[in-house]
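Before I ask anything, here is the structure I am working with.
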Amino acid sequence: MAQVKESQVIDILKQCYDPELPVDLWNLGLIYSIQIQESYDDTKSNVNITMSLTTPGCSMGQHMSQDIKNKLEALDEINQAFVEVTFDPPWNPEMITDEAREKLGLGISAPKERTEKNINMEWE
């Protein structure tokens, strides 16, 4: 068996979804790192994923990390998958790919700059 390729891992991550959004975890920008190492028997790989959640209070974190683990370990090339959830740095919507922005209806162009400089309003 050959070592797993990063592109294979990404393909699996694109099959894992946030249960509250119709977008996969990869395109939401929730995957921070992928590390691939040789397994003890040199014929398979161990994969370490570092990911975040859209909010620290998300109750689906365990579900999403287990989904990643199960799908990765189903590949013949993978011995074990480990998923670590972190909030450093905190996730923000700017991490979403253009593909996901389009799917969510957020548009893919940068926001227009405001034309007015300052607005002075006095409230009585």
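The values are calculated or read from the model by the stated rules, or taken from the named source; none is laboratory data. What you are looking at is a predicted structure, and each value in this text was computed from that prediction instead of being measured. Reconstructed Cβ throughout: ideal geometry from the backbone, glycine too, with neighbour counts over all protein chains shown.
Inspect the stretch 1-12 for any residue being more than 24 Å from residue 99 (Cα to Cα), part of a strand (DSSP E or B) and of a type in the set (Val, Ile, Thr) and give the result as yes or no.
There is no residue in the stretch 1-12 that is more than 24 Å from residue 99 (Cα to Cα), part of a strand (DSSP E or B) and of a type in the set (Val, Ile, Thr).
Please indicate, with yes or no, whether at least one residue in the stretch 59-81 is more than 24 Å from residue 8 (Cβ to Cβ), out of contact with any strand residue (DSSP E or B) (no Cβ under 8 Å at 6 or more places or on another chain) and assigned to a loop (DSSP other than H, G, I, E, B).
Yes, the stretch 59-81 contains a residue that is more than 24 Å from residue 8 (Cβ to Cβ), out of contact with any strand residue (DSSP E or B) (no Cβ under 8 Å at 6 or more places or on another chain) and assigned to a loop (DSSP other than H, G, I, E, B).
Now, a different point. Starting from residues that are in contact with a Phe, Trp or Tyr (Cβ under 8 Å, 6 or more places away or on another chain) and part of a loop (DSSP other than H, G, I, E, B), keep the ones in the stretch 17-51 and report whichever is surrounded by the most Cβ atoms within 10 Å (Cβ to Cβ).
It comes out as 30.
Right, next: List the pairs whose first member sits in the stretch 35-48 and is closer than 14 Å to residue 6 by Cβ, whose second member is assigned to a loop (DSSP other than H, G, I, E, B) and hydroxyl-bearing (Ser, Thr, Tyr), and whose Cβ atoms are under 7 Å apart, counting only residues at least 6 apart or on separate chains?
Listed by first residue and then by second, the contacts come to 45/39; 46/39.
Residue 24 - would you say it is in contact with a strand residue (DSSP E or B) (Cβ under 6 Å, 6 or more places away or on another chain) and modelled with pLDDT of 95 or more?
Values: in contact with a strand residue (DSSP E or B) (Cβ under 6 Å, 6 or more places away or on another chain): yes; modelled with pLDDT of 95 or more: yes.
So residue 24 fits the description; yes.
Return yes or no: is residue 74 at pLDDT 95 or above, over 19 Å from the mean Cα position of the chain (by Cα) and of a type in the set (A, V, I, L, M, F, W, C)?
Yes: the conditions hold for residue 74.
When you look at residue 52, is it small (Gly, Ala, Ser), closer than 25 Å to residue 106 by Cβ and free of Cβ contacts under 8 Å to residues at least 12 places away in the same chain, yes or no?
no
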